[in-house]
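See below for the structure under consideration.
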Amino acid sequence: MAVRRALVCLLGVFSLGATAATAQHAPEGFQRLIADEGLAGWWGLGTEDPRAVYSLDEEAFARRHDESLADIEAHWKNIDNVLVNDGNGLFLTTDRLFGDFELILEYRTVANADSGIYLRGIPQVQIWDTTEAGGKWEIGANFGSGGLWNNSPGAPGKDPLELADRPFGEWNLVRVVMVGERVTVWLNGVLVVDHARLENYFDRSLPVPRTGPIQLQTHGGEVAWRNVFVREIDATEANSWLAERGNEQFTPVFNGEDFTGWSGPTDGYEIVDGALRCKPGHGGTIYTDEEYADFAVRFEFKLPPGGNNGLAIRYPGSGDTAYAGMCELQVLDNTHPNYAALEPRQYHGSIYGQHPAHRGYLRAPGEWNFQEVRVVGPRITVELNGTQILDCDTSTLTDFMYEAEKFAGRTRTQGHFGFAGHNDPVEFRKVRIQRIEP
């Protein structure tokens with residue numbers, strides 16, 4: 001994959017023993033974030049919820065941005081293409097906002113310094129003094145740098161998998177890949193965070209923002225940064241990155257050629273370029289011949305403008321899956337004017353009529369999205385393009401869009417998986433299922 005080739009390229013650049021100045025040539029596909037002189041492209045921001053900052057009106061944001069520059073100039077310097085902070089002041093923050101990206105950089109720190117890399121404005125990939133003398137072993141410094149330190153205790157990624165820090169005075173090489181809220185980190189070529197979810201420090205009930213700035217955080221001592229490069233990851237590569245993780249545990253249930261293994265009104269669907277598509281003006285629920293109790297399903301889907309479909313979960317084989325099955329998980333173009341005034345439990349990823357999903361993480365109509373759904377007992381989670389938009393224990397629900405009796409199948413413990421077409425040519429491909437054993 002491109003992300004792996006980029007790492008090889010980067011390591012090649014630095015294995016030549018290049019100086020900070022000569023190594024400023026960006027690896028293929030990357031862009032430099034350090035100007036030849038000065039601090040162009042950056043402004044100052046502290047630890048602050050990006051939702052509040054980036055919801056300011058244009059005038060208020062411009063004023064906030066410009067007023068921060070005096071603080072930045074007082075504490076940050078660009079010395080021969082090396083960014084140096086004195087351990088004080090606001091954090092260096094990119095003017096540009098990033099969605100899915102790969103970031104590579106080097107940093108050098110000193111005793112007692114504490115630092116980090118904020119991803120889309122969310123703290124953080126931790127950088128700190130990992131020695132016992134630094135006085136922070138009781139909060140995890142003994143595990144090393146590179147972890148997602150602001151994740152909850154015990155959460156994947158909080159503590160790095162290995163201690164990979166170099167001694168004070170030496171440059172450390174960091175590589176970060178962020179797809180959705182999934183973060184992978186290498187420190188000095190060692191994998192220290194493996195595809196872990198970055199929690200939203202400012203409100204853990206919400207996913208991280210879809211886009212946001214990269215911030216270089218420093219306090220407590222001088223930290224220097226050089227060779228800061230970023231590469232944006234497009235939808236195709238992001239989908240491949242997500243699909244690679246654990247894909248060997250999933251079994252294909254759609255062969256891309258015919259409806260082998262599927263039942264229901266298949267005459268209302270067609271197969272085009274390896275994708276299963278509902279015919280315009282047709283629909284109905286098609287479903288796997290096999291039934292599933294606890295399972296996970298992965299697939300890619302593409303919505304036309306205004307497209308509407310659904311996922312049949314533990315479907316009995318007849319009836320409306322939203323009511324006869326455990327549920328219908330919405331597949332919907334949230335942005336279309338026709339759906340501007342829907343009830344929240346009707347938007348994409350929601351358990352139709354029962355529980356809403358977080359919005360704002362769909363790609364534009366016409367682009368392929370990657371989604372994974374896990375159904376374990378009464379709990380359903382939905383991860384869209386790498387971001388968890390739903391996590392619901394359905395056994396706790398007491399409020400419904402209609403009377404509870406209408407959702408008669410919601411306690412089902414087994415059934416078929418399928419697609420509930422609603423007349424629109426929504427496409428699905430690469431459908432794979434994993435049985436989850438008790």
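The values are calculated or read from the model by the stated rules, or taken from the named source; none is laboratory data. Please read these numbers as outputs of a predicted model, since none were measured by experiment. Ideal geometry is used to build each Cβ from the backbone, glycine not excepted, and the neighbour counts take in all protein chains shown.
Here is a list of conditions, (1) closer than 27 Å to residue 237 by Cβ; (2) touching a strand residue (DSSP E or B) at 6+ places or on another chain (Cβ under 8 Å); (3) hydroxyl-bearing (Ser, Thr, Tyr), and residue 394 meets all of them except one; can you say which number that is?
Failed condition: (1).
I need the strands (runs of 3 or more DSSP E) fully contained in region 335-438, keeping only those with at least 1 residues that are within 30 Å of residue 101 (Cα to Cα) and among the aromatic types (Phe, Trp, Tyr).
Once the strands (runs of 3 or more DSSP E) in region 335-438 are filtered for at least 1 residues that are within 30 Å of residue 101 (Cα to Cα) and among the aromatic types (Phe, Trp, Tyr), what remains is 368-376, 427-435.
If I go through region 201-226 residue by residue, how many of them are out of contact with any strand residue (DSSP E or B) (no Cβ under 6 Å at 6 or more places or on another chain) and over 22 Å from residue 95 (Cβ atoms)?
Counting residues in region 201-226 that are out of contact with any strand residue (DSSP E or B) (no Cβ under 6 Å at 6 or more places or on another chain) and over 22 Å from residue 95 (Cβ atoms) gives 6.
Which residue out of 208, 193, 176 is farther than 14 Å from residue 123 by Cα and hydrophobic (A, V, I, L, M, F, W, C)?
193
Is it the case that some residue within region 56-75 is in contact (Cβ under 8 Å) with a residue 60 or more places away in the chain, more than 23 Å from the chain's Cα centre (by Cα) and over 19 Å from residue 34 (Cβ atoms)?
Taking every residue of region 56-75 in turn, none turns out to be in contact (Cβ under 8 Å) with a residue 60 or more places away in the chain, more than 23 Å from the chain's Cα centre (by Cα) and over 19 Å from residue 34 (Cβ atoms).
Any idea how many residues of region 41-72 are outside any helix (DSSP H, G or I) and surrounded by fewer than 11 Cβ atoms within 10 Å (Cβ to Cβ)?
The qualifying residues number 2.
Suppose we keep only residues that are within 21 Å of residue 177 (Cα to Cα) and in a loop (DSSP other than H, G, I, E, B) within region 21-40. Which one would you say is modelled with the lowest pLDDT?
In this case the residue turns out to be 25.
Looking only at region 78-116, count every residue that is assigned to a strand (DSSP E or B) and buried (at least 16 other Cβ atoms within 10 Å of the Cβ) and tell me the total.
21
Of the conditions (1) among the charged types (D, E, K, R); (2) in contact with a Phe, Trp or Tyr (Cβ under 9 Å, 6 or more places away or on another chain); (3) outside any strand (DSSP E or B); (4) more than 24 Å from residue 360 (Cα to Cα), residue 210 clears all except one; give me its number.
(4)
Only one residue in 274, 268, 221 is of a type outside the set (Ser, Thr, Tyr) and either in contact with a Pro (Cβ under 6 Å, 6 or more places away or on another chain) or exposed (fewer than 14 other Cβ atoms within 10 Å of the Cβ) (or both), so which one is that?
Only one candidate passes the filter, namely 274.
Take the residues of region 120-170 that are part of a loop (DSSP other than H, G, I, E, B), among the aliphatic types (A, V, I, L, M) and in contact with a strand residue (DSSP E or B) (Cβ under 8 Å, 6 or more places away or on another chain): which is surrounded by the most Cβ atoms within 10 Å (Cβ to Cβ)?
Going through the qualifying residues, I end up with 164.
If only one of 250, 229 is touching a residue at least 40 places away in the same chain (Cβ under 8 Å), closer than 30 Å to residue 276 by Cβ and touching a strand residue (DSSP E or B) at 6+ places or on another chain (Cβ under 6 Å), which one is it?
Result of the check over 250, 229: 250.
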